[in-house]
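> Take a look at this one; I'll ask things after.
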2 protein chains.
Amino acid sequence: MKIGILGLGLIGGSLGYDLRSLGHHVLGVSRRSSTCARAIALGSVDAASVDMSLLAAADVVFICTPIALIVPQFQQLITHLPVTTVITDVGSVKAPIVEAIAPLWSNFIGGHPMAGTTDSGIEAAQRDLFVGKPYVLTPDATTPKTAMTIVEEIVRSLGANLYYCQPEQHDRAVSLISHLPVIVSAALIATCMGETDSQVLQLAQNLASSGFRDTSRVGGGNPELGVMMAQYNRQALLNSLAQYRQNLDELTNLIVQSDWADLELKLQANGKARPKFVE
Amino acid sequence: MKIGILGLGLIGGSLGYDLRSLGHHVLGVSRRSSTCARAIALGSVDAASVDMSLLAAADVVFICTPIALIVPQFQQLITHLPVTTVITDVGSVKAPIVEAIAPLWSNFIGGHPMAGTTDSGIEAAQRDLFVGKPYVLTPDATTPKTAMTIVEEIVRSLGANLYYCQPEQHDRAVSLISHLPVIVSAALIATCMGETDSQVLQLAQNLASSGFRDTSRVGGGNPELGVMMAQYNRQALLNSLAQYRQNLDELTNLIVQSDWADLELKLQANGKARPKFVE
């Protein structure tokens with residue numbers, strides 16, 4: 001199959017490696033000619049260009065740009081494509097993208113591979129990035145069965161675990177387990193750095209160990225990525241934050257009331273619930 | 001030197017291994033005779049007994065019981081000791097312990113080795129547990145210099161990094177970097193398990209990965225330990241929670257106002273601050 005990749009970063013570049021290994025002919029488009037040359041040299045694509053018309057020959061196109069560019073690049077892209085081309089994207093928020101694209105392109109299916117590293121760019125791309133990782137597809141009632149089958153089979157061939165849901169359900173789920181942790185963790189760092197007694201602050205810095213390290217990790221991560229999540233998944237994140245604040249207040253009140261029995265029950269329930277999310 | 005260890009669990013047992021390796025004669029006391037026998041068999045102590053009078057011969061006694069037992073066991077212990085015996089403890093909260101013990105025993109210095117594993121008990125004890133880890137001592141103006149020097153030298157010989165501060169400063173610092181993360185993380189798990197749409201909950205469970213794993217780790221840990229921290233460090237933890245809530249509300253308000261520039265500045269400041277706490 002001829003597969004186009006628009007955006008040759010970590011996800012696009014990694015997709016290219018795997019799809020070529022699977023015997024597909026991979027066409028890449030990047031805004032920078034240096035990235036095109038690098039993707040060819042690394043073996044991530046068979047051919048690459050800064051010109052989107054290269055993708056006219058593709059049966060399927062994966063849009064792998066940063067989330068802010070998905071819809072604008074899609075609008076340019078479709079001026080070059082026959083209506084039969086299947087389009088999918090890899091954006092980490094789905095409702096705003098599906099709402100913008102689906103009415104304009106019937107052969108479209110939103111997607112989100114939950115794979116990544118802390119690095120980005122074509123140099124960070126790697127083989128087998130998607131193996132054993134979740135990959136969500138968000139088709140709707142109007143999605144053509146043939147388009148579905150094509151995207152599904154490609155995702156399965158990457159070794160990913162396929163899930164289906166509505167775009168809004170996807171966004172609520174990722175707001176809980178991915179975007180909320182960033183804000184929760186960011187507020188922890190802000191609280192510690194805001195300590196006004198300089199001796200206590202110094203001591204806190206010296207004593208911090210694995211508990212602080214793990215709980216603060218995602219809040220100290222890439223700021224652009226954090227803002228992007230908040231911006232594109234704003235309403236779902238605000239709903240999750242409202243729920244979070246209520247749970248925080250409940251735990252705080254148990255401590256205010258010295259209700260140790262109920263606090264222990266809450267912490268026990270947490271310990272039982274967590275393995276349902278992560279091993 | 002003859003060194004007594006009251007409480008042969010993870011910390012007491014590990015101390016025993018290292019102190020014996022350093023050439024000290026180690027006397028252990030546990031409430032259970034089976035633990036005494038096991039500590040001798042494992043080589044963590046030279047002699048052990050359920051009878052505290054064994055410790056009458058010790059130059060220094062480390063109280064290594066669970067925090068709730070430190071003060072009551074101390075009260076029993078001193079009926080067996082000459083007033084020259086130096087006493088220290090390893091409790092993870094210092095102000096309530098120092099306030100209770102210091103007026104009754106002049107040769108006392110509060111201590112807190114920041115070392116631990118998820119396991120507990122004599123079987124979890126290990127050699128070199130304290131190497132490279134912080135070890136806080138909280139002497140006050142009345143602490144005799146000779147007692148200070150003895151405890152200091154033992155702590156240094158364990159390979160630990162020694163810090164001094166007031167008990168209240170210790171408790172504020174650990175409330176920020178150790179106890180607050182537990183509650184922050186617990187509220188995250190409670191929020192996710194409280195999702196009312198069962199499909200979204202199922203999806204969240206399927207999609208959760210490293211971000212959720214790290215941020216939720218300490219909130220899903222030992223419930224008794226979490227309650228103990230909250231109970232013994234209640235006021236410092238409540239102060240930290242009040243600060244946290246304010247920081248959380250500030251971040252939430254930036255998202256409500258779609259103030260992405262300021263949100264990015266806050267996240268950038270976090271990214272710069274975090275390495276001052278952990279590498």
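Here, each number is a calculation from the coordinates, and none is a lab measurement. Values in this document were obtained by computation on a predicted structure and should not be read as measured data. A quick note on method: Cβ atoms are made from the backbone with ideal geometry, for glycine too, and the neighbour counts reach across all protein chains shown.
> Work out Dmax and Rg for the range A:2-165 from the C-alpha atoms and quote the Rg first, both in angstrom.
14.1, 41
> For an R0 of 60 angstrom, estimate the FRET efficiency from the Cβ-Cβ distance between residue B:146 and residue A:239 and round to the nearest 0.05.
Computed FRET efficiency for residue B:146 and residue A:239: 0.45.
> Determine the distance separating the Cα centre of the range A:99-120 from the Cα centre of the range B:45-61; give it in Å without decimals.
Cα centroid to Cα centroid, the span is 67 Å.
> From the phi angles alone, apply the Karplus equation (6.51, -1.76, 1.60; θ = phi - 60°) to the range A:85-90 and give each ³J(HN,Hα) in whole Hz, x where the residue is Gly or Pro.
Those phi angles translate into 5, 7, 10, 9, 10, 10 Hz.
> Can you work out the FRET efficiency for the pair residue A:224 and residue B:76, with r the C-beta to C-beta distance and R0 = 56 Å, to the nearest 0.05?
0.40
> How far, in nm to one decimal, is residue B:202 from itself in the other copies if the label point is set 7 angstrom along Cα toward Cβ? Shortest first, please.
5.6
> Using a 7 Å offset from Cα along the direction of the beta-carbon, what are the separations from residue A:34 to the same position in each other copy, nm, ascending?
Counterpart label points of residue A:34 in the remaining copies fall at 6.8 nm.
> Placing the label point 7 Å from Cα along the Cα-to-Cβ direction, what are the distances from residue A:1 to the equivalent spots in the other copies, shortest first, in nm to one decimal?
7.2
> Quick one: Debye curve from the alpha-carbon atoms of chain B only, equal weights, vacuum; give me log10 I(q)/I(0) at q = 0.13, 0.15 Å⁻¹ to two decimals.
Log10 of I(q)/I(0), two decimals: -0.91, -1.12.
> Let me ask another. With only alpha-carbon pairs counted, each pair once and no self-pairs, how large is the Kirkwood hydrodynamic radius of the range B:170-277 in angstroms?
After inverting the mean inverse Cα-Cα distance, the result is 15.7 Å.
> Right, here's the next one. Taking the C-alpha atoms of the protein assembly as shown, how large are the radius of gyration and the largest Cα-Cα span, Dmax, in Å?
28.6, 93
> Let me ask something else about it. Per-residue ellipticity at 222 nm for chain B, helices alone: DSSP H runs ≥ 4 residues times -39500 (n - 2.57), over residue total, nearest 500 deg cm²/dmol?
After summing the helix terms and dividing by residue count, I get -16000 deg cm²/dmol.
> Axis carrying B onto A: which residue of B has the nearest Cβ, and how far, whole Å?
That would be B:214, 2.
> Run the paramagnetic zone check for residue A:256: 7 angstrom along Cα to Cβ, then residues of the range B:168-184 with backbone nitrogen under 19 Å.
Hits in the range B:168-184 for residue A:256 at 19 Å: B:180, B:183-184.
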